[in-house]
Each structure stands twice: as C-alpha cells, then as structure tokens.
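Each value in this text was obtained by applying a stated rule to the coordinates, not by laboratory testing. In this text, all values refer to a predicted model and were calculated from it rather than measured experimentally. Cβ placement follows ideal geometry from the backbone for every residue including glycine, while neighbour counts extend to all protein chains displayed.
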Amino acid sequence: MTGQASKAAYAKAQQVLVGGVNSPVRAFRAVGGTPYFAARGEGPYLYDIDGNRYIDYLMSWGPLIWGHAHPDIVQAVTETATKGTSFGVPTELETEMAETICRFVPSVEKVRMVNSGTEATMSAIRLARAATGRQYIVKFVGCYHGHADSFLVKAGSGVAALGLPDSPGVPQTTAERTLTVPYNDEVALRALFAERGSEIAAVIVEPVAGNMGCVRPRPGYLEAVRNIANEHGALLIFDEVITGFRLGLGGAQERFGVKADLTTFGKVIGAGLPVGAYGGRRDLMQMIAPEGPVYQGGTLSGNPLAMAAGLTSLRMLEEAAKRGIYEQMEAYGKRLVDTFCDLGKKYGIPTTGDAIGGMFGLFFHEGPVVDFATASASNQSLYARFFHGMLAEGVAFAPAQLESGFMSCVHGESEIEQTIAAMERVMASLSQG
Ligand SMILES: *Cc1c(COP(=O)(O)O)cnc(C)c1O
C-alpha cells in the first residue's frame, strides 16, 4: 500500500500537474492505486517519501544501468556542473561521447546528440524521408518510438492497415503515412512491401521489443527485415533507445549481427540525464544540417552534464563487460523469469517470460509471447495484483504489464534472492483467488 506521505503528495500534485505526473504511465492507471513518490535512490534501491525501501527493477524505465546515484556518475555530474551547465558552443565531451558510440556500434559512423529518445526517432525518420524521397514509414504493432505524431499510430489488424491515430491531435494525413504490421511476422512485412515498397522510406523497429513487455525477435527475423528493406530501397532504423548498451556494448546490432542504416539511442547513454542520439551511415548523416539540408537542432543538445554522466556510465560498462556484467544481468533476469514460471506451474497460474541482456519480462499468459496480440493477452488484473503484492514486499516492477523489467549492474545475489522469496509469497497469495 502506498504510504500516507505519497498519497498526500499525489493529491497535491494533481492540483497543478496533469494527472499529478509528467508522463502518463507514472500515474499507475494500469495497476490502480496511487504512485509512490521517490525521495532518493541508492544502488539497486529506491526509497520513497514514506521511508519504504524497494528493490528497483523500474530503474527510471531503463536509463539507470548503474543503479541510483552511482558515486562515479554523481561525481562526474557535480564536477562538470561547477564549470557551467550549458554553453551553446561545442564542448570536447560531445566529441568523446560520439566517438564512444561509433566505436561500439560499427554501423554508426556519425552521430547527432539530442535530448530524448522521441527527438532521436523523430529526426531519424525525417532524415530517412529526405534521403529516399519517399513518405511512408513502417512500424510494428506494439513497438514504441516516443510520442512524435508519426509514431502514435496503432495497427488495424492485418497487413498494410492504414494508420489510424492513437491520439486526438495527430493529423490524419500524418498517421496515414505510418504503416503497421505485427512484430515478428516476416510474411506480413513481405506482403506490405510487395504492395507499397516503392513508397516506403524506412522500417523502424525495436530489435528487442521493450514496450510490450520484453519480446525478442524470432531467429532470423531481423535479418529478414534487413533483407526486405534492402530489396525495396528502404532504410532500416533500429530504435535502440532501450537496447543500446543494455543488451551488450554493441546493443542489438552486435547481439544479432544485423546492421541498421540509422540507429536511435537514449536512456542508458544518458545515465539518468535527459539524452537521446541518432546516428548511422556517414552518407546519410551528412544530409543533416549544417553538412546538408535536413534541419534539426537543439538549445541543450549535447548538454555537458548529460555527456559527463553518459560517458562515465559507458566507460564503466566497457570495463565491467570484460568481467561479464551483461552475462550476469541476463543470468539474474533468467532466474527471476524461471522462478516466476515455476511458481506459475506450481499454483496453476498461466505464466511466461524472457530475459535478454539487462532486460526481462514477466507475462501472465500461457503461450509464447511473440507480438503485441500475444503480449496483450496477458492477464492485466493478475499483473496488477502481482505488482501491488511485490510492492508491499519491497520490490518495485513497472506499474504496467506491457513494459520491460530492467536489471542493473548493481543488482546482486542478495537482491535477487530477496526478490525470489517475495515472489514465492506473492504468487502463493495470488493462487488463493
Ligand atoms: C523510451 C523510448 C523512446 C522514447 O524516449 P523518450 O526519451 O521517452 O522520448 C523511444 N523508443 C524506445 C524504444 C523507447 O523505449
């Protein structure tokens, strides 16, 4: 149960903030109840303003791969801040950040820093349209690419459904230029391209979907997407806002051995400060102003505090990768998923899940989850009870079923064991109706 201080804070927030929050899912509508308010974090733990401590698997929705308030990141930010928080002229930190991204993600030859994942994906499709002279983009049902108009489009079922806006305020003419097909469905994508291929500027995909739970690509699927795009002269954009530096240093491209033309980043590369980036083939990136005609700018882009935090995080990841940190995160994620599935069997509750790199997902669903239809078949009300049960046990998962869980480099054996023990009690209580 959310404590009195958080309840009071939420009531006050609702007077002046829309829904009491600055991003809708924080309002807990998907699980009911009221949000806990953060007071501070330390490593894998978040403390709320009622003094409750949670083992945190939300991790600010992905950015905090080093947990909360990592001393080296805090030091980098504070030291940088004493020299000035923004200049509006270049700093060397920005070059270092770009060099770091290019070094780990070989398909990225040039980078532009922005302030959010939304800005990154929005700019990447502008560039793709300019580069191809085509207007249409293809996205997959259940993939999230931020809140730009072009991406707030959900599919009608079936191939080549013309987009209908998910949100009032998105012009029909914009939504129509976004075509959607189910994730992990090569046949549907082929059919769409057979019909509209010459009009399609780009396919954008979360190489491991992290916004319908955690759903990995079928073997060969990303290669197929790559080939289909090539056959029709369309660009392939990997939205690695979640997977970048979270599946491994080289993100999904390294893990699956598929190269994108353009890649978007966010979350982990900012280590909890507002950041995004897009990059890719040199010939494409050179179309961006000032080298080329495609406009995109930002007052705070490449912000020194964000660069300092992100660079520190990436350097630490490079070191930690040598001692197997990504394998460790994946193994911990698998233990949570396996426990969850075993308990489901024991108590007759439908469960499935997956873990890859520093991401994992838990579904109250029997069958394999491969796309949005199977993900959204997960029992949401069971998830809500599970979520609140775990929260009461001091374990914080995402306050919505169709989100990924996030492991960090600072979650250890003790946190995993506490989480498993809590899961055993909560799943037992769920089985009692
Ligand atoms: C979070 C997310 C975005 C949007 O990033 P913001 O920083 O919230 O604008 C885009 N794509 C993916 C895959 C994301 O998970």
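Observations, loosely collected:
- Net lengthening on full extension, residue 82/residue 22 (0.36 nm per residue, minus Cα-Cα): 18.8 nm
- Full extension of the chain between residue 319 and residue 373 gives 15.5 nm of extra length, using 0.36 nm per residue less the Cα-Cα distance.
- Mean Kyte hydropathy of -1.0 or more with a Cα span along the axis of at least 30 Å, helices from DSSP in the chain: 325-347
- Mean residue ellipticity (222 nm) of the chain, computed from DSSP H runs ≥ 4 via -39,500 (n - 2.57), nearest 500: -12000 deg cm²/dmol
- Between amide H atoms placed 1.01 Å from N, distances below 5 Å from residue 363 occur with 352, 353, all of them 5 or more places distant or on a separate chain.
- Viscosity 1.306 mPa s, 10 °C: Kirkwood-radius Stokes-Einstein D of the range 71-321 over Cα pairs, µm²/s: 87
- Label point of residue 230 set 7 angstrom out along Cα-Cβ; within the range 175-204, no amide nitrogen lies under 11 Å from it.
- Taking the convex hull of Cα positions in the chain, its mean projected area over all directions (nm²): 20.3
- Model label points for residue 172 and residue 291, set 7 angstrom from Cα along the Cα-to-Cβ axis, are 4.0 nm apart.
- When peptides 180-189, 270-279, 350-359, 74-83 are ranked by their average number of other Cβ atoms within 10 Å per residue, the highest-first order is 270-279, 350-359, 180-189, 74-83.
- The chain: most fluctuating residue of 131, 306, 39 per GNM, C-alpha cutoff 10 Å: 39
- Antiparallel DSSP beta bridges within the chain, as percent of all bridges there, nearest 5: 60
- Potential lengthening of the chain between residue 392 and residue 95 amounts to 102.4 nm, from the contour at 0.36 nm per residue minus the alpha-carbon distance.
- Lysine pairs within the chain, Cα separation less than 27 Å, 8 or more sequence positions apart or different chains: 18
- For the chain, the relative contact order comes to 21 percent (Cα pairs under 8 Å, sequence separation of at least 6).
- The range 123-250 - charge dipole about Cα centre, Lys and Arg +1 at Cβ, Asp and Glu -1, debye rounded to 20: 120
- Pair residue 300, residue 8: separation of 7 Å Cα→Cβ label points (nm): 3.0
- Put a dot 7 Å past the Cα of residue 218, heading toward its Cβ, do the same for residue 417, and the two dots end up 4.2 nm apart.
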